[in-house]
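J.: Input: one structure, supplied below.
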Amino acid sequence: MNALTRGVKNTLRSPVRSGAIILMFAISIALIVSMLVARSSVLAKINEVKSTAGTNITIRPAGTMGGMGGGDPLTAAQLNTITSTSHISSTIMTLTDQLSSDNTNLTSSLEFGGFGRAQRETTNSSSESSTSENKSTETPRTPGITITGTTDVNSASTDGSSLSISSGKTIDASGSDTVALVGTDLATKNNLSVGSTFTAYSKTFTVSGIYNTGNRFTDSGIIMPLKTLQTITDQAGVVSSVVAKVDSSDNVAATVASLKSSLGSAADITSEIERAESSVSSLQGIASLAMTGVIAAAVAGAAIVLLAMIMVVRERRKEIGVMKAIGGTDGKVVGQFIIEGLTLTVFGAVIGMVLGILVSGPMTTSLVSSQNTSSTNRTSQQLSGVRTSTNSSEAPGANFIRGGFNQIRDNASQVTASLTPNILLIAAGVTIFIALIGTAIPAWLTARVRPAEVLRTE
Amino acid sequence: MSLEVKNITKTFTTSSGDVTVLKDVSFTISNGEFVSIIGKSGSGKSTLLSILGALDSPTSGSIVVDDANIEKLKGHEQTKYRAKKIGFVFQQYNLVPNLTALENVVLALEFGGYPAASRVDRATALLAAVGIEDDQLTRRPSRLSGGQQQRVSIARALANEPAYILADEPTGNLDSVTGKKIFSLLHDLSRKQNTTIVVVTHDLDIAGKTDKTFTLVDGKITTKTRS
């Protein structure tokens, strides 16, 4: 029997007490493992969100918005400046135009309605005042057909996903062919199907596919390659908007500042930085909470082992004194007590890690859902605050806030707990650290036991 | 080989001031002698035994054992001295409660650096020599009688063939019959193995049967040698 065997055997000297210590320690290790899993999973999600959500910067010619307003299109030189700006990983360029009965054989699937008429009257009031006698004959019966030239057809999707092609196939947006995707409403109105042709600016286009976004305005339009639209409208090299994607939401503010500096007053630049920040702030809250949990559990674990071993050493001072009296060196006696502490730690760590692996999934879900509830409450308060202040049934901007919240909720609810070897290594490292802390002080106490004093006071 | 105590003084510092329990104590014990130390409670008998066993240090004076001044030994050298040259027998037996009778003796052999392969055989032989039956070898101290525990304690003290056995009231917790048996055991050891034995006792009968008796009175020692 050597110090190792004695140390292990002594751990089982009081099964109930050792069992309780091991159980408490196992719970703290389980907590460490699950909090590490939660934190790691949330950090992975944060990185994913940072590279996807709120990373778009929209650059438009100054004074324009959604085809309204005025100003000059963005030039090739400006586009070159945009694409060469740091942190911009990709761009989607778009040019929009309106087809009227003068330059297409198609009929719009939209009606003016009261809103469209009012808008048109406002827009044309000054020019039409001089030719009011012709108003009844020149006013079109339907709005123009929106034609979009783009470098990415998916940019027309209303929900950020890929454009849904209900029949036919998509087009090569980087090309310059006279092909187009036609919205399902416009196609129905004009009896168009895949392979049909139509004319625009005296050019004949072939319908490559019919798309369906569920949005009536969008489904009443036409999408074609950017270069094709630039060519047929004599606007080579220019665009009406650019959506630039930044590599991480951390860099959005700096990129916006850089673009504003280089483009000056020629462009209006908007970003989703606030949305990006609120998307990750909820997740960062969970990560911080998990880190606090790791530290608290580690401290609790160390305290459990430390106090248990101090108790053991104090109870067995006489035994220590006797062992030293009969020739036990400090190293051998201290070693035996360290082994006792390590045995408790190893048993607790193994049970704790298994327990931690089992509960890490539910624990992560629980953390995320509790944070969600908290976010829900906060968002509801914000919304009701807005409603109260404006005294209306639906506050301006409420949809934006709700949309942002939905994004947060989606981000948080999509956090999946994943246990990696790294987490187990970190947990093992924490366990070793706890074992060292938990046994170092008792070992020091053991070494200080003077056999003469112990035997004198027996 | 001899154990020579020269002008030992031991003073303890207590809350009520310094207390000197040993005052200029000197004596010599020859190899193979069976010596007793008697004195009233608190007279410093156990303190003297602790100093002889290098468990404690004298405030002044020296102890020379086999030409080595033990209070000048370093910590690990004193530990080695205890493991190799000294065997302790305590009034309370002081066996390790979680270890069996056999394991308690093996523990002393391990500390003394005895080869691992033959520790169990030697421990078994030692326990047999002091009268511990085979079926008692695997019992823990709590399942042994006081006399049996003291026998195990003596076997443990003998484990590393020490030159000196220091016994502090070895019969103090035993009934008179068992006490006599234990004393006889120690006496036999002294005679057969030529082991020097120093016994601290209250029992004047026991003291009367030893080769030499030191009496401690008020920290000072007187010697009575028998032929």
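J.: Does A:A302 count as more than 43 Å from the chain's Cα centre (by Cα) and either in contact (Cβ under 8 Å) with a residue 40 or more places away in the chain or more than 14 Å from chain B (Cβ to nearest Cβ) (or both)?
T.: The answer is no for A:A302.
J.: How about region A:197-217: which of its residues are polar (S, T, N, Q) and touching a residue at least 12 places away in the same chain (Cβ under 8 Å)?
T.: Residues satisfying the conditions are A:T199, A:S202, A:T204, A:T206, A:S208, A:N212, A:T213, A:N215.
J.: Follow-up question, since we're still on this one. Taking A:T292, is it in a helix (DSSP H, G or I), within 28 Å of the chain's Cα centre (by Cα), within 26 Å of A:R39 (Cα to Cα) and among the hydroxyl-bearing types (S, T, Y)?
T.: Taking the combined requirement at face value, the residue satisfies it.
J.: Could I ask something else about it? Tally the residues that are under 12 Å from A:L344 (Cα atoms) and either under 35 Å from the mean Cα position of the chain (by Cα) or more than 14 Å from chain B (Cβ to nearest Cβ) (or both), restricting the search to region A:7-59.
T.: Qualifying residue count, region A:7-59: 8.
J.: Further question: Which condition from (1) surrounded by fewer than 16 Cβ atoms within 10 Å (Cβ to Cβ); (2) touching a helix residue (DSSP H, G or I) at 6+ places or on another chain (Cβ under 9 Å); (3) at pLDDT below 85 is the one that A:M309 breaks?
T.: (1)
J.: Restricting the search to region B:52-67, which residues are small (G, A, S) and in contact with an Asp or Glu (Cβ under 9 Å, 6 or more places away or on another chain)?
T.: Across region B:52-67, the qualifying residues are B:A54, B:S57, B:S60, B:G61, B:S62.
J.: Next question, about the same structure. Check A:L163 against each of (1) farther than 18 Å from A:N103 by Cβ; (2) outside any strand (DSSP E or B); (3) modelled with pLDDT of 90 or more and name the one condition it does not meet.
T.: Only one criterion in (1) farther than 18 Å from A:N103 by Cβ; (2) outside any strand (DSSP E or B); (3) modelled with pLDDT of 90 or more is unmet by A:L163, namely (3).
J.: Step by step: first the residues of region A:222-254, then only those that are buried (at least 23 other Cβ atoms within 10 Å of the Cβ) and more than 21 Å from A:S157 (Cα to Cα), then the one that is modelled with the lowest pLDDT. Which residue is that?
T.: A:S249
J.: Let me ask you something else. In region B:12-29, which residue that is closer than 22 Å to B:H202 by Cα and within 14 Å of chain A (Cβ to nearest Cβ) is surrounded by the most Cβ atoms within 10 Å (Cβ to Cβ)?
T.: B:L22
J.: Looking at region B:104-115, which of its residues are within 8 Å of chain A (Cβ to nearest Cβ), free of Cβ contacts under 8 Å to residues at least 24 places away in the same chain and either farther than 23 Å from B:S145 by Cα or part of a loop (DSSP other than H, G, I, E, B) (or both)?
T.: B:E110
J.: Looking only at helices (runs of 4 or more DSSP H) that fall completely inside region A:183-289, which ones have 1 or more residues that are within 27 Å of the chain's Cα centre (by Cα) and of a type outside the set (K, R)?
T.: A:252-263
J.: Looking only at region A:219-263, count how many residues are touching a residue at least 12 places away in the same chain (Cβ under 8 Å), under 14 Å from A:H87 (Cβ atoms) and not basic (K, R).
T.: Matching residues across region A:219-263 total 15.
J.: Identify, please: which residue in region B:71-103 is within 18 Å of the chain's Cα centre (by Cα), part of a helix (DSSP H, G or I) and not β-branched (V, I, T) and is, among those, farthest from the other protein chains (Cβ to nearest Cβ)?
T.: Restricting to residues being within 18 Å of the chain's Cα centre (by Cα), part of a helix (DSSP H, G or I) and not β-branched (V, I, T), the top hit is B:E71.
J.: Consider B:D135 against the criteria (1) surrounded by 20 or more Cβ atoms within 10 Å (Cβ to Cβ); (2) among the acidic types (D, E); (3) out of contact with any Lys or Arg (no Cβ under 9 Å at 6 or more places or on another chain): it satisfies all of them except one. Which criterion is unmet?
T.: (1)
J.: Restricting to region A:166-220, count the residues that are farther than 26 Å from A:A236 by Cα, of a type in the set (V, I, T) and in contact with a Lys or Arg (Cβ under 9 Å, 6 or more places away or on another chain).
T.: The number of residues fulfilling the criteria is 1.
J.: Related question: Of all residues in region B:36-70, count the ones that are over 20 Å from B:T210 (Cα atoms), among the aliphatic types (A, V, I, L, M) and within 11 Å of chain A (Cβ to nearest Cβ).
T.: Count: 3.
Each row is one residue, and each column tells you yes or no for (1) of a type outside the set (F, W, Y); (2) under 18 Å from B:S36 (Cα atoms); (3) within 17 Å of the chain's Cα centre (by Cα).
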{"site": "B:S118", "(1), (2), (3)": "yes, no, no"}
{"site": "B:D121", "(1), (2), (3)": "yes, no, no"}
{"site": "B:D134", "(1), (2), (3)": "yes, no, no"}
{"site": "B:S145", "(1), (2), (3)": "yes, no, no"}
{"site": "B:V177", "(1), (2), (3)": "yes, no, no"}
{"site": "B:V200", "(1), (2), (3)": "yes, yes, yes"}
{"site": "B:L204", "(1), (2), (3)": "yes, yes, no"}
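J.: Could I ask something else about it? Taking region B:204-220, which residues are crowded, with 17+ Cβ neighbours inside 10 Å and part of a helix (DSSP H, G or I)?
T.: B:I206, B:A207
J.: Keeping to region A:305-355, report how many residues are aliphatic (A, V, I, L, M), over 50 Å from the mean Cα position of the chain (by Cα) and within 12 Å of another protein chain (Cβ to nearest Cβ).
T.: 6
J.: Yes or no: B:G32 assigned to a loop (DSSP other than H, G, I, E, B), more than 18 Å from B:D203 (Cβ to Cβ), touching a strand residue (DSSP E or B) at 6+ places or on another chain (Cβ under 8 Å) and more than 14 Å from chain A (Cβ to nearest Cβ)?
T.: So B:G32 fits the description; yes.
The values are calculated or read from the model by the stated rules, or taken from the named source; none is laboratory data. Note that the structure is predicted; figures quoted are calculated from it, not measured. Counting neighbours? That spans all protein chains shown, and the Cβs are built from the backbone with ideal geometry, glycine included.
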